[in-house]
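**Q** One structure coming up, written as structure tokens, with questions to follow.
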2 protein chains.
Amino acid sequence: MFLGSYEHAIDEKGRLAIPARFRADLAGGMVLTRGFDRCLLIFPLPYWSDLTRRVSALSLVDEDARMLRRLLFASASEQEMDRQGRILLPQNLREAGGLTDQALLVGLDAFIEVWAPDRWREVQQRLETQGPHFDEQMRKLGI
Amino acid sequence: MFLGSYEHAIDEKGRLAIPARFRADLAGGMVLTRGFDRCLLIFPLPYWSDLTRRVSALSLVDEDARMLRRLLFASASEQEMDRQGRILLPQNLREAGGLTDQALLVGLDAFIEVWAPDRWREVQQRLETQGPHFDEQMRKLGI
DNA sequence: GGTAAAGTGGGGAAAAGTGGAGAATACTCC
DNA sequence: GGAGTATTCTCCACTTTTCCCCACTTTACC
């Protein structure tokens, strides 16, 4: 269960420390990949496997299936923590997420989002200004 | 589990290094063949066996099945890595994939695609512009 | 305020990627 | 059929990059 936001430095080698609170749940391995709205996603391995099982089972021949496979897997990266609890952010993913020297790790219960800090602040502002708008959305979701 | 993209050189002898992360899963042997969209495919032997069983079970009469058979089997080549972790790309396959001096190996979970780098970049651009199309796909799959 | 844990930076060792040389095989031409 | 030539394959060695560990600094918690 990942909760809360943590801002950590990305060092010159592209390493990022996982918040101590998150480490136990990622000890079994994790997959790092591109998310929506230019953020990155970190999935614990069991969650990832469950997510991708259906995609891998799709036809080799079907064009949509081929493209979907490429979208999901081509920029993903399996990572393990070093003894200091850090992972390596591959350069292509750092670029995809617009990350330079700082990263914001946001726990979203089952997985983690990684944001460039200023980009995250924009999202938060949107949350505040559009707050009322979400009432309707959430009702639709049954919450 | 093959994940991520790696660009490697093809040397004058037509040899291509397999990314270190992929080697363990290919140690039991692999089959190299033509894929769709002018890329090449590398299958681990167990996956290949399963695939051939399914394709061979298809009707002799069905035209699509005939074409699929020709694509997969006619230019297939069983390969083993040398001690440096490289395989030889036969010339006919290099031509089929439009490969010259660089190759992009893309891990797609159960198998690997091999692309000419500029051709792969086109595919990536298409992926980005067609984003919304895939939202629907993923929703159907429960992702 | 002290202690312990977390976060950060740097250095060294190991492995990955690449080019090339030598040996073995096949091939051709005399 | 044999010798010379070309080609393929395997192994070796160098260079670069990556990974891992150690140590210091900072923060949090008791």
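The values are calculated or read from the model by the stated rules, or taken from the named source; none is laboratory data. This is a predicted model, so every value here is computed, not measured. A quick note on method: Cβ atoms are made from the backbone with ideal geometry, for glycine too, and the neighbour counts reach across all protein chains shown. Heavy atoms of the whole protein, side chains included, go into the accessibility calculation; ligands, DNA and RNA do not. Shrake-Rupley method; radii C 1.70, N 1.55, O 1.52, S 1.80 Å.
**Q** Using each residue's phi in region A:44-55, evaluate 6.51 cos²θ - 1.76 cosθ + 1.60 at θ = phi - 60° and report the 3J(HN,Hα) Karplus result to the nearest Hz, with x for Gly and Pro.
**A** Taking θ as phi minus 60°, the curve returns x, 3, x, 5, 4, 4, 4, 5, 9, 4, 5, 5 Hz for region A:44-55.
**Q** Let me ask another. Please find the FRET efficiency linking A:Asp50 to B:Glu95, where r is the Cβ-Cβ separation and R0 is fixed at 45 Å, and quote it to the nearest 0.05.
**A** Approximately 0.65, to the nearest 0.05.
**Q** How charged is the neighbourhood of A:Phe2? Take every other residue with its Cβ under 12 Å from the Cβ of A:Phe2, and add Lys/Arg as +1 and Asp/Glu as -1.
**A** Neighbour charge sum, excluding A:Phe2 itself: -1.
**Q** Also: How far apart, in nanometres, would the label points at A:Ala110 and A:Asp135 be if each is projected 7 angstrom from Cα along the Cα-to-Cβ direction?
**A** The answer from the label model is 2.9 nm.
**Q** Now for a separate question. So what J values fall out for region A:101-110 if you push phi through Karplus, 6.51 cos²θ - 1.76 cosθ + 1.60 with θ = phi - 60°, rounded to Hz, Gly and Pro as x?
**A** After applying 6.51 cos²θ - 1.76 cosθ + 1.60, I find 10, 9, 9, 10, 9, 10, x, 10, 6, 8 Hz.
**Q** A follow-up question, please. Taking the Cβ-Cβ separation of A:Gln102 and B:Val61 as r and a Förster radius of 45 Å, what is the calculated FRET efficiency to the nearest 0.05?
**A** After rounding to 0.05, the efficiency reads 0.15.
**Q** Compare B:Gly28, B:Gly131, B:Gly14 in a GNM of chain B, Cα atoms joined below 10 Å, and give the one with the largest fluctuation.
**A** Evaluated over chain B, the most mobile residue of the options is B:Gly131.
**Q** Mind checking A:46-53 for the average number of partner chain beta-carbons within 10 Å of each residue's beta-carbon?
**A** Counting other chains' Cβ atoms within 10 Å and averaging over A:46-53 gives 2.
**Q** Any idea how far the Cα center of region B:41-109 sits from the one of region A:48-124, in Å?
**A** For region B:41-109 versus region A:48-124, the Cα centre distance is 28 Å.
**Q** On the protein heavy atoms, probe 1.4 angstrom, tell me the percent of accessible surface of region A:74-143 carried by carbon and sulfur.
**A** 48 percent
**Q** State the extension gain, in nm to one decimal, for the chain segment bounded by B:Ala20 and B:Gln124, taking 0.36 nm per residue of separation less the distance between their alpha-carbons.
**A** Between B:Ala20 and B:Gln124, full extension yields an extra 35.1 nm.
**Q** Still on this structure, please answer the following. How would A:Met138, B:Met138 line up by accessible area, probe 1.4 Å, largest first?
**A** Most to least solvent-accessible, the answer reads A:Met138, B:Met138.
**Q** While we're here: Run the 1.4 Å probe and let me know the accessible area of B:Arg34, rounded to the nearest 10 Å².
**A** Taking all protein chains as shown, B:Arg34 has close to 100 Å².
**Q** I would also like to ask the following. With θ set to phi - 60°, apply the Karplus curve 6.51 cos²θ - 1.76 cosθ + 1.60 along region B:129-143 and write out the HN-Hα couplings as whole Hz, x wherever there is a Gly or Pro.
**A** 3J(HN,Hα) across region B:129-143, in whole Hz: 6, 8, x, x, 4, 7, 3, 5, 3, 6, 4, 4, 7, x, 9.
**Q** Another question about this same structure. Using a 1.4 angstrom probe on the protein heavy atoms only, line up B:Met1, A:Met1, A:Met67 by accessible area, largest first.
**A** Largest to smallest exposure gives the sequence A:Met1, B:Met1, A:Met67.
**Q** Still on this structure, I have one more. Per DSSP helix of 4 or more residues, -39500 (n - 2.57); summed, then divided by the residues of chain B. What does that give at 222 nm, rounded to the nearest 500?
**A** Mean residue ellipticity, 222 nm, calculated: -12500 deg cm²/dmol.
**Q** For chain A, what relative contact order do you get, as a whole percent, if you take Cα pairs closer than 8 Å and at least 6 residues apart?
**A** Relative contact order comes out at 35 percent.
**Q** Still on this structure: Is there a simple number for the mean count of other chain Cβ atoms within 10 Å of the Cβ of residues in B:132-140, and what is it?
**A** The per-residue average across the peptide is 3.
**Q** Another question, then. Which number do you get for Rg(Cα) / (2.2 N^0.38 Å) in region B:76-143?
**A** For region B:76-143, the normalised Cα radius of gyration comes out at 1.45.
**Q** Let me check something: with ligands and nucleic acids excluded, how do B:Leu32, A:Leu71 order by accessible area (1.4 Å probe), largest to smallest?
**A** Listed by decreasing accessible area, they come as A:Leu71, B:Leu32.
**Q** Scan around B:Ala110 for amide H atoms under 5 Å from its own, H built in the peptide plane at 1.01 Å from N, and keep only partners 5 or more places away or cross-chain.
**A** B:Phe2
**Q** May I have the pair-distance distribution P(r) for the protein assembly as shown, computed from all Cα-Cα distances with 10 Å bins from 0 and rounded to whole percent?
**A** Cα pair-distance distribution for the protein assembly as shown, in percent: 6, 25, 31, 23, 10, 4, 0.
**Q** Pairs of alpha-carbon atoms within less than 8 angstrom and 6+ residues apart define the contacts here; what relative contact order does region A:1-77 have, in percent?
**A** Dividing the mean separation by the residue count of region A:1-77 yields 23 percent.
**Q** Write down the accessible area per residue of the protein assembly as shown in Å², having rolled a 1.4 Å probe over the full set of protein chains.
**A** 55 Å²
**Q** In addition: What residue among A:Arg83, A:Arg121, A:Arg94 has the largest mean-square fluctuation in a Gaussian network model of chain A, using Cα springs under 10 Å?
**A** A:Arg83
**Q** Per residue of A:61-72, count partner chain C-beta atoms within 10 Å of its C-beta, then hand back the mean as an integer.
**A** 6
**Q** Also, I was wondering about something else. Where does the charge balance sit around A:Met30 when Lys and Arg score +1, Asp and Glu -1, over other residues with C-beta under 11 Å from its C-beta?
**A** Net charge around A:Met30: -2.
**Q** Per the Kirkwood definition applied to all pairs of different Cα atoms, how many angstroms is the hydrodynamic radius of chain B?
**A** That comes to 16.3 Å for chain B.
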